[in-house]
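See below for the structure under consideration.
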Amino acid sequence: MSRTATPRRRGRGAQPEGPRATFRQLLPFLFEHKRTLIVVAVLSVVGAATSLVQPLLVGQVIEAVQSGGTLGILVWLLVGFVIVSSIISGFQHYLLQRTGTAVVYSSRRKLIARILHLPVSEFDARRTGDLVSRVGTDTTLLYAVLTQGLADAVGSAVLFLGALIAMLVIDPVLLLLIVIVIGLSVVTVVLLSGRIRTASTAQQEKVGELASGVERAIGSIRTVRASGATERETAAVSELASDAYGIGVRIAKISSLVVPVSGIALQLSLLVVLGVGGFRVAAGVISIASLIAFIMFLFLLVMPLATTFGAITSVNQALGALGRIQEVLDLPTETQDDERIAASLRQAQGPREAQGPRESQGPTPQPVGDAEPAIEFRDVRFHYPANVVAARQAAAKEARNLLADAHLEQADAETAATPDHEVLRGVSFLVPRGARVALVGPSGAGKSTILSLVERFYDPTGGSIRLHGHDARTYPRDELRAQFGYVEQDAPTLAGTLAENLRLAAPDASDADCERVLRAVNLGDVLERNPLGLEAPVGEDGVMLSGGERQRLAIARALLTNAPILLLDESTSSLDGVNEQRMREAIDAVSTDRTLVVIAHRLSTVVDSDLIVVLQDGVVVGQGTHAELVESTPLYRDLARHQLLA
């Protein structure tokens, strides 16, 4: 593959365009602040009333001047109403700005809470950058809904109707001409507003893709540099920025038609009033004072109309963003999924199987005797959901464009998967309590998938997994996961300190406990090389630690939870021979009275296991001890000879 390959688009392909929200879906965000909005509405009505009084006072001032009368109280009243109107407008503006900020805050809080409770499958099917964009950029557009005229719609309506009635009283003929001009402008805005909403939704989708592209490039910067792909990544992300820019220009063009409409309506209306009104003053139909008052009411009529036009534009842009926000808020959380599964199990199995101390949460089974295995797989079948498969295909294609030719074959293999391809095909085995069980097999055999199913990141599509003798689905996921200390392959290190990483699953752990587990996994030197000790920073993604240190830190984090079952996915893959031996000794020490499930590629890690399960293409092809499998299972014998040697 040439390293000067042309840029490619990064669309996920698996995700359809998000639904566009309706105005009704926007109301709950506003009703959270209904008290403030009521105050704003009242102020808006009072402000509208003070504005409507001013043209009448101006008319009386003009008539008083023409008749030679005294101005006195009229002038002071006019000045008073102008000052009151300005004060009300300023306070109303403050309330709207504050409420708009509060709406953004509450929407972000809801969105963050929903995202962090989504099933793992949603994260596998979606880009991180796109989710971040929904929290940041999309929610910001809700601010404009309140700050650009929607919240003071009541006052604008009062101002509009009041001006309309006053103009009708002054001169119905002039009003009819004004209504014709304004009616044409309203029709124009309504026709353009739908195009703005569609374009705004598309723009937010592109901004989400852009955020994903930037997040991907930055997160893989070392691989990008090492692969000589910097220019291609720059071009690809720039193309996404260009797409977002193009849609933004389209919105600007449509908005540029909406904004002048109110100005044109006002100018035409003013010309009509001056021309026709001047003629009617000359004919003696109305007085000059009435014409001036009519002109002032015209401005009061067009002002809320212009505000409404701006509100229509901002609301349509916000509804496009709200559609993406609502799409995530409508996704079921793991808890809701648990409730659905628990109800289904109660119907299918009867009350006895599903009863326990916490029935409302998808109840926890009663304690059982030691005779029950810690974990049992019964004819488990599994294939990934279609959206996850499609997302992985897209990611593999991107990897193929990024990586060197040597990696193309693996990328092509990943894209060959289909939604109905079974990763596990009737897997059955037992994990006795207190035993050490190893899962071995070639890459792609389904080993890591088994641990994902044990942790209930996914549920089997066939068969069942039992924990302590009961269907794992009858446990609330949080309670089930509390049974496990899980170290995933390439376990991430969180930006922050050593202590923050360790206390992720054990927030109440003492400093002494933290230091104990660090030394148990041979990380004492990390404590000693920095005077900050446990408060020493580890850097973004643990960049200040070596690969082996990051892996050992993840193991220490799992050990700190004191969970009865440890799940280790190739936990010693990044260690050298000396540190691996020390790690094995530490695991041996902490695995007393614990159940241990290990995925490993090294013979030294599995040779002493109580049970070794050999997998190939999603099927168990052998079970037994090391000595038994060397004699009975050709695949294991081959792995032991070639791949499992330290």
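Inside the range 20-44, can you point out the residues that are in a helix (DSSP H, G or I) and surrounded by fewer than 16 Cβ atoms within 10 Å (Cβ to Cβ)? Spell out the reasoning first.
Here is the first cut: in the range 20-44, the ones in a helix (DSSP H, G or I) are 23-31, 34-44.
Matches in the range 20-44: 23, 24, 27, 28, 31, 34, 35, 38, 39, 42.
In the range 325-358, which residues are under 27 Å from residue 595 (Cα atoms) and either part of a loop (DSSP other than H, G, I, E, B) or at pLDDT below 50 (or both)?
353, 354, 355, 356, 357, 358
Could you please find all residues in the range 172-204 being touching a Lys or Arg at 6+ places or on another chain (Cβ under 7 Å) and not β-branched (Val, Ile, Thr)? Let's see the steps before the verdict.
Quick first cut of the range 172-204, residues touching a Lys or Arg at 6+ places or on another chain (Cβ under 7 Å) only: 197, 199, 201, 204.
Within the range 172-204, 197, 199, 204 meet the criteria.
Which of the residues belonging to the range 446-472 are acidic (Asp, Glu) and either outside any strand (DSSP E or B) or outside the structural domain of residue 483 (by TED's automatic domain parsing) (or both)?
Hits for the range 446-472 are 455, 459.
Which condition from (1) at pLDDT 80 or above; (2) closer than 28 Å to residue 333 by Cβ; (3) in contact with a helix residue (DSSP H, G or I) (Cβ under 7 Å, 6 or more places away or on another chain); (4) surrounded by fewer than 14 Cβ atoms within 10 Å (Cβ to Cβ) is the one that residue 97 breaks?
(2)
Return the only residue of 255, 262 being assigned to a helix (DSSP H, G or I), in contact with a helix residue (DSSP H, G or I) (Cβ under 9 Å, 6 or more places away or on another chain), at pLDDT below 65 and surrounded by 15 or more Cβ atoms within 10 Å (Cβ to Cβ). Quick ask: steps written out before the conclusion?
Working: 255 fails: at pLDDT below 65.
The unique qualifying residue is 262.
Give the residue, chosen from 179, 207, that is modelled with pLDDT under 85 and under 21 Å from the mean Cα position of the chain (by Cα). Break it down stepwise before answering.
Working: 179 fails: under 21 Å from the mean Cα position of the chain (by Cα).
Criteria check complete, one pass: 207.
Which of the helices (runs of 4 or more DSSP H) contained wholly in the range 55-149 include at least 1 residues that are more than 30 Å from residue 27 (Cα to Cα)?
On the way: elements: 73-116, 120-125, 128-133, 139-147.
Filter on the range 55-149 gives 73-116, 120-125.
Looking at 494, 502, 498, 439 in this structure, which one is in contact with a Lys or Arg (Cβ under 6 Å, 6 or more places away or on another chain) and farther than 30 Å from residue 344 by Cβ?
Values: 494 fails: in contact with a Lys or Arg (Cβ under 6 Å, 6 or more places away or on another chain); 498 fails: in contact with a Lys or Arg (Cβ under 6 Å, 6 or more places away or on another chain); 439 fails: farther than 30 Å from residue 344 by Cβ.
Selected residue: 502, the only one of 494, 502, 498, 439 that is in contact with a Lys or Arg (Cβ under 6 Å, 6 or more places away or on another chain) and farther than 30 Å from residue 344 by Cβ.
If you check residue 499 against the conditions, is it in contact with a helix residue (DSSP H, G or I) (Cβ under 7 Å, 6 or more places away or on another chain), modelled with pLDDT of 85 or more, part of a loop (DSSP other than H, G, I, E, B) and surrounded by fewer than 21 Cβ atoms within 10 Å (Cβ to Cβ)?
Details: in contact with a helix residue (DSSP H, G or I) (Cβ under 7 Å, 6 or more places away or on another chain): yes; modelled with pLDDT of 85 or more: yes; part of a loop (DSSP other than H, G, I, E, B): no; surrounded by fewer than 21 Cβ atoms within 10 Å (Cβ to Cβ): yes.
So residue 499 fails the test.
Filtering the range 575-610 down to residues that are under 17 Å from residue 628 (Cα atoms), buried (at least 19 other Cβ atoms within 10 Å of the Cβ) and of a type outside the set (Gly, Ala, Ser), which residue is modelled with the lowest pLDDT?
Taking the range 575-610 and keeping what is under 17 Å from residue 628 (Cα atoms), we get 603-610.
The next check asks that each one be buried (at least 19 other Cβ atoms within 10 Å of the Cβ); those that pass are 605-606, 609.
Those still in the list that are of a type outside the set (Gly, Ala, Ser) too: 605-606.
Values: 605: 76, 606: 82.
The qualifying residue modelled with the lowest pLDDT is 605.
Looking at the range 512-546 only, could you name the residues that are exposed (fewer than 13 other Cβ atoms within 10 Å of the Cβ) and touching a residue at least 40 places away in the same chain (Cβ under 8 Å)?
539
Give the residue that is surrounded by the most Cβ atoms within 10 Å (Cβ to Cβ), with candidates limited to residues of the range 611-637 that are of a type outside the set (D, E, K, R) and assigned to a helix (DSSP H, G or I). Spell out the reasoning first.
First pass over the range 611-637, keeping only residues of a type outside the set (D, E, K, R): 611-616, 618-627, 629-630, 632-636.
After this cut, where a residue has to be assigned to a helix (DSSP H, G or I) as well, the list is 626-627, 629-630, 632, 634-636.
On the way: 626: 18, 627: 9, 629: 24, 630: 14, 632: 13, 634: 12, 635: 17, 636: 26.
Checking each candidate, the answer is 636.
The values are calculated or read from the model by the stated rules, or taken from the named source; none is laboratory data. Predicted model only: the values in this text are computed from it and were never measured. Neighbour counts run over all protein chains shown; Cβ positions are idealised from the backbone, glycine included.
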